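Remarks on the structure that follows.
Every read-out reported here was derived from the displayed coordinates using simple, explicitly stated rules and does not represent laboratory data. In this text the structure is predicted, and so the values were computed from the model without any measurement. As a convention, Cβ positions derive from the backbone with ideal geometry for all residues, glycine included, and neighbour counts pool all protein chains shown.
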Amino acid sequence: MTDVADWWQTDIIDMAPGQIRLRGFPIEDLIGNIGFAEMVWLMTRGTRPDKAQAALFEAALVSAVDHGPQAPSIAAARMAVSCGLSLNNAMANAINMLGDIHGGAGEQAMQFFHDVKAQAAETRLQTAIETVFQAYNRLVPGFGHRFHKNADPRSLRLMSLVEAAVSAKVCDGGFAEIALGVEHFLANLKGKPIPMNVDGVTAVIYAELGFEPALARGLFCLSRSVGALAHAHEQAGRKERNKGPTPPHYRWTYGGANPIK
Ligand SMILES: CC(C)(COP(=O)(O)OP(=O)(O)OC[C@H]1O[C@@H](n2cnc3c(N)ncnc32)[C@H](O)[C@@H]1OP(=O)(O)O)[C@@H](O)C(=O)NCCC(=O)NCCS
């Protein structure tokens, strides 16, 4: 039987009839005693956060749940429902919309911060940022926003929580310092604010808490799933059919041969 049992190997879950253990903890001890954010931490990392770590982590998860139907992920969920898809399909559509440019930049932002940290061991912070900025094709993931041009309210609030967490010695603030340095660098470069966006600020928190960059995008997906579910459910109640991206009396700009006058 060993070759069959060894087909899937995991450190996450053990199960026998009448018993379920997640990361070594009996499920009945977790249920009712652990919050959902703590559960995400336990499942993805195999350890349990203390209360202060869990609170900061949960704040990051809360911040990214929704950005309205203008956000392509949410629009995709609502359009899917209007086309007759079920809620799970609508949620999958929303998640599939999250890539390097919309909602998925957190992983790259974390990597950017780690690269700056490595460079900063050799040189001053602003020089390290400039060097890594050149290597990333002069675009910093996690900064800039289509709507929040001066400041993203999520970033301001979360950075204040990070500051409090640093004072309480929950984390050391090294990645927050890098992110603020990047904001300063971009503002100087462009002559206007290119503020930290929700991917950037949650990347700060995930990095401060010791998450691997590869997990950031999945964590964003967990957050945005909540918004996608709420919007898909609401849209299902509206009984509208086959909604496209714009009202039908608007059309696209045709640039090919023989335009209709
Ligand atoms: C989100 C995004 C597409 C908004 O772009 P935008 O609407 O063109 O942004 P703005 O009009 O405010 O910025 C214009 C200028 O700042 C630059 N800029 C914007 N974001 C930048 C960034 N993250 N790094 C470097 N430069 C940036 C633009 O290249 C442009 O420069 P230019 O005037 O020399 O051409 C863009 O900021 C971006 O791609 N950010 C990185 C990816 C990311 O974090 N995505 C998640 C968004 S929630």
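Could you tally the net charge around E177, taking each other residue with its Cβ under 14 Å from the Cβ of E177, Lys/Arg +1 and Asp/Glu -1? Write down the numbers at each step before the final one.
Values: positive: K117, R124; negative: E163, D172, E183, E208.
Residues near E177 contribute -2 overall.
Between region 29-61 and region 236-261, how far is it from one alpha carbon centroid to the other, in angstrom?
44
Quick check: from the Cα gyration tensor, does region 113-171 come out rounded (a/c under 1.5), prolate or oblate?
Taking the square roots of the gyration eigenvalues as a ≥ b ≥ c, region 113-171 is oblate.
Taking 0.36 nm per residue of separation and subtracting the Cα-Cα distance, what length does fully extending A257 through R124 add? Could you put the intermediate results ahead of the total?
On the way: separation 133, 0.36 × 133 = 47.88 nm, distance 5.55 nm.
42.3 nm is the gain from fully extending A257 to R124.
Compute a Gaussian network model of the chain, connecting alpha carbons closer than 10 Å, and tell me which residue from N96, N150, N137 fluctuates the most.
N137
Counting only C-alpha contacts under 8 Å and six or more residues apart, can you give the relative contact order of region 149-261 as a whole percent?
On the way: 60 pairs, mean separation 27.9, N = 113.
Computed over region 149-261, the figure is 25 percent.
Mind running the shape call on the chain? Use the C-alpha gyration tensor, a ≥ b ≥ c as the square roots of the eigenvalues: rounded below 1.5 for a/c, prolate if a/b tops b/c, oblate otherwise.
Verdict is oblate for the chain.
For a test of the definition: using alpha carbon positions, the gyration tensor, and the 1.5 limit on a/c, classify region 86-194 as rounded, prolate or oblate. Spell out each step's value before the answer.
Numbers: a/c = 1.73, a/b = 1.43, b/c = 1.21.
Prolate is the answer for region 86-194, as a/c is 1.5 or above and a/b outweighs b/c.
May I ask what percent, to the nearest 5, of DSSP beta bridges between residues of the chain are antiparallel?
On the way: 7 of 8 bridges.
Taking every DSSP beta bridge with both residues in the chain, the antiparallel ones total about 90 percent.
State the number of lysine pairs found in region 49-244 whose Cα atoms come within less than 29 Å, restricting to pairs 8 or more positions apart or on distinct chains.
Qualifying lysine pairs in region 49-244: 8.
Got the relative contact order for the chain handy, in percent, Cα pairs under 8 Å and 6 or more residues apart?
Values: 320 pairs, mean separation 67.6, N = 261.
In percent, rounded to a whole number, it is 26.
Sort 221-229, 6-14, 70-78, 49-57 for me by packing, meaning the mean count of neighbouring Cβ atoms within 10 Å per residue, highest on top.
Working: 221-229: 19.9, 6-14: 8.7, 70-78: 21.7, 49-57: 17.7.
Peptide ranking by packing, descending: 70-78, 221-229, 49-57, 6-14.
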